[in-house]
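Each value in this text was obtained by applying a stated rule to the coordinates, not by laboratory testing. Every value quoted in this text rests on a predicted model; they were computed, and no experiment measured them. Backbone-built Cβ (ideal geometry, glycine too); neighbour counts: all protein chains shown.
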Amino acid sequence: MKRSLRPLAATAVIFIIAYALAVLQFPNMLSTRVLGNFLTDNAFLGIAAVGMTFVIISGGIDLSVGAVIGFTGVLIAVLTTWLGIHPLVAFAIALGVAALFGAAMGFTIHYLQVPSFIVTLAGMFLARGGASIITQDSVPIKHEFYATLGDLMIRLPGGGRLSFIGMLMIVVFLGGALLAHRTKFGSYVYALGGNSVSASLMGVPVARTTVQIYMLSSTLAALAGIVFSLYTSAGYPLAAVGVELDAISAVVIGGTLLTGGYGFVLGTFVGVMLLGLVQTYIIFDGTLSSWWTKIVIGVLLFLFIVLQRVIFAASAPGEKSPEKV
Amino acid sequence: MRRLRLERLANPQLLALVGVLAINWLLFPSFFNVTWQDGRFFGSFIDVLNRGAPVAILAIGMTGVIATKGVDLSVGAIMAVCGAVAATMVVAGYPAPIAVIAALAVGLACGLWNGFLVAVLDIQPIVATLVLMVAGRGIAQLITEGSIVTFNDPSLIFVGTGSFLGFPMAAVIAVVLMVLVTLLVRRTAIGLFIQAIGVNRAAASLAGIHSRMLLMLVYALSGLCAAIAGVVVAADIRGADANNAGLWLELDAILAVVIGGTSLLGGRFSIPMAVLGALIIQAMNTGILVSGFPPEFNLVVKAGMIILILLLQSPYAALPFKRRPAASNKSASS
């Protein structure tokens, strides 16, 4: 158990070192205000990344996450602003639609025996295209309920604020960790990612679990879409383009193996925070341009992938060797 | 079994292209009207050839990668990098041929990097190429310093907008590249080796195939094709746009390859069919545009198309009620 926690520890140590270095340069970064904003600014990414973690642990990938976030935002905006439906009802509708959407993808992946990559690619086109057909403009959301949720926060000592969406992200992460490590569903997911044939021979309900995994991912993406609409108070069909890549990066940096069968939900949390740290650092610095974010994330990804290879080669010879594709 | 399916799949692509073109013709009767003007052809159909060329060029390289059971997500980003290299060098005063050669060299280097990660470090292709996909656009912006670099060099612009025997240069480049690469893989044993790696890399290595070198070659080719596509796109708009050049084209290229009947599970592949796949996608895009539908329908139609192909390629299309072969397929895919 100790040995298997090494990648998680490595990520956490790297985050702490990176944060310490950033604080040495900009002492202001060590404040509850910055930490609170970390959580608020990355809430939607974090929630989507939890779903992605489950998908990746099961050996799949979900490219439709960003599109589902965009679609959910548009759907909620249209329902509340154009049709005058209460946001809570709109939220329920959006989550339901996304759950069905994810179930359809999981169904296709299992019963047509197609790589998840291509099915979720179709899902991405469908969700993005559907959102663009509903509207091509940004639809503002003006509702008292949104203002209420926006004001809902815990004031931290030192001027920091823990917003509602930040708290929601933490709750989702804790829920995700419980689901992964303390439930039957969680162990099914790990079993599927380890080896789907062995899993089905051992009695794991492969079909049901696959459908549930993609349902979970899409539902969490829709929740991320709700959070994103709370964050921006609008719905825009091109919102959150490319978030799936950030989510995948966060999951990989968090120590989850892309070959499946191994990973931590809480590692993803550290991964999301590390991505947030890179962005915050570049904003604090002021002289670095925004495109450095992408380069640094790419370099981080590379480092962590190589690190995983080294750790796995050193600690578990003959165990699940990353597949020769 | 495999040969039978290959023959069955050899025709649907052509039929699909004819079908899409026929629908376009019905929606927009002057679709096939081609006029001769200023020493070149003009018309919607010629436009399909011209606009489809970048994806077709990408698909040529992508076919090889997918045939080895890999995938190259970085081609769109490599396009942006290489377009940026060519544009900034021309603006800095270098002659166009040198700028193009430099851009192609950069593309080749990017491809070799991907190949190194996949072949030598044994990293999953999706992850290995994800690194460059994320970082590539940042690098491209670094080269262009965040702005859109525009240029007026006539010989570089010719690559994107010129014509050869009346046909758009981009389409000519795509066809020449397709013929060259097809000859390379079909007239030598390379194609067979690629298929062997795609079916079972360990077995191929045991049979004496230098799978590492071949994988490097395949990814290098994909990088080179991306570089060519990047130069063509930059020359077409007379500028390098680090943010939008080649954005999401990797997905179109993968789709083109899959439409072309190449299996995502490795093995069987066909480069001309992938180019045909790119033409089918472009014919749909152009059709939606000329018939007056909003371009947003594109994505939905594409999604519908993927689902249709999945249904046709699924084991259930061939073996309606047998479950066991389907289960063994799944293990090969994971």
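Side notes on the structure shown:
- The Rg/Rh ratio of chain B, with both radii computed over alpha carbons and Rh defined as the Kirkwood radius, is 0.98.
- Highest mobility in the GNM of chain B, judged by mean-square fluctuation with C-alpha springs under 10 Å and restricted to B:Ala207, B:Ala16, B:Ala96, is found for B:Ala207.
- Share of Cα-Cα pairs in the range A:3-315 lying beyond 27 Å, as whole percent: 43 percent
- Using Cβ point charges alone (K and R +1, D and E -1), the dipole size of the protein assembly as shown about the Cα centre works out to roughly 2080 debye.
- Rounded to the nearest 20, the Cβ-based charge dipole of the range A:3-315 about its Cα centre (Lys and Arg +1, Asp and Glu -1) stands at 600 debye.
- Contact order for the range A:3-315, expressed relative to its length and based on alpha carbon pairs under 8 Å spaced 6+ residues apart, stands at 35 percent.
- Counting every C-alpha pair in the range A:162-202, the share spaced more than 17 angstrom apart comes to 46%.
- Relative contact order [Cα under 8 Å, 6+ residues apart], the range B:43-314, whole percent: 37 percent
- From helices alone, the protein assembly as shown scores -23500 deg cm²/dmol at 222 nm; the rule is -39500 (n - 2.57) for each run of n ≥ 4 DSSP H residues, then divide by the residue total.
- Applying 1/(1 + (r/R0)^6) with R0 = 35 Å to the Cβ-Cβ distance of B:Val176 and B:Leu121 gives a FRET efficiency near 0.55.
- Rounded to two decimals, the Cα radius of gyration of the range A:11-107 over 2.2 N^0.38 Å is 1.47.
- A dipole drawn for the protein assembly as shown from +1 and -1 charges on Cβ atoms has a positive end, and of B:Leu117, B:Val85, A:Ala191 the residue lying farthest that way is A:Ala191.
- Spatially close lysines, pair count over the protein assembly as shown: Cα under 20 Å, gap of eight or more or interchain: 7
- Shown for chain B are the DSSP H helices of 20 Å or more along their axis, judged by Cα atoms, with a mean Kyte-Doolittle hydropathy of at least -0.5: B:12-27, B:44-67, B:75-91, B:96-115, B:125-144, B:169-187, B:211-237, B:271-290, B:297-313.
- FRET E, pair B:Glu145, A:Met202, Förster distance 45 Å, beta-carbon r, rounded to 0.05: 0.20
- The range A:94-135 - Rg and Dmax from Cα coordinates, angstrom: 11.0, 34
- Structural size metrics of the protein assembly as shown, computed from C-alpha coordinates, are Rg and Dmax of 24.6, 75 Å.
- Ordering B:Val134, B:Val181, B:Val120 from the fewest to the most neighbouring beta carbons within 10 Å gives B:Val120, B:Val181, B:Val134.
- Neighbour count of at most 14 Cβ within 10 Å plus DSSP loop: longest trypsin sites (Lys or Arg not before Pro)-free window in chain B: B:1-321
- Ranked B:Asp236, A:Asp41, A:Asp62, A:Asp137, criterion: other C-beta atoms within 10 Å, fewest first: A:Asp137, A:Asp41, B:Asp236, A:Asp62
- Net lengthening on full extension, A:Val241/A:Tyr111 (0.36 nm per residue, minus Cα-Cα): 43.9 nm
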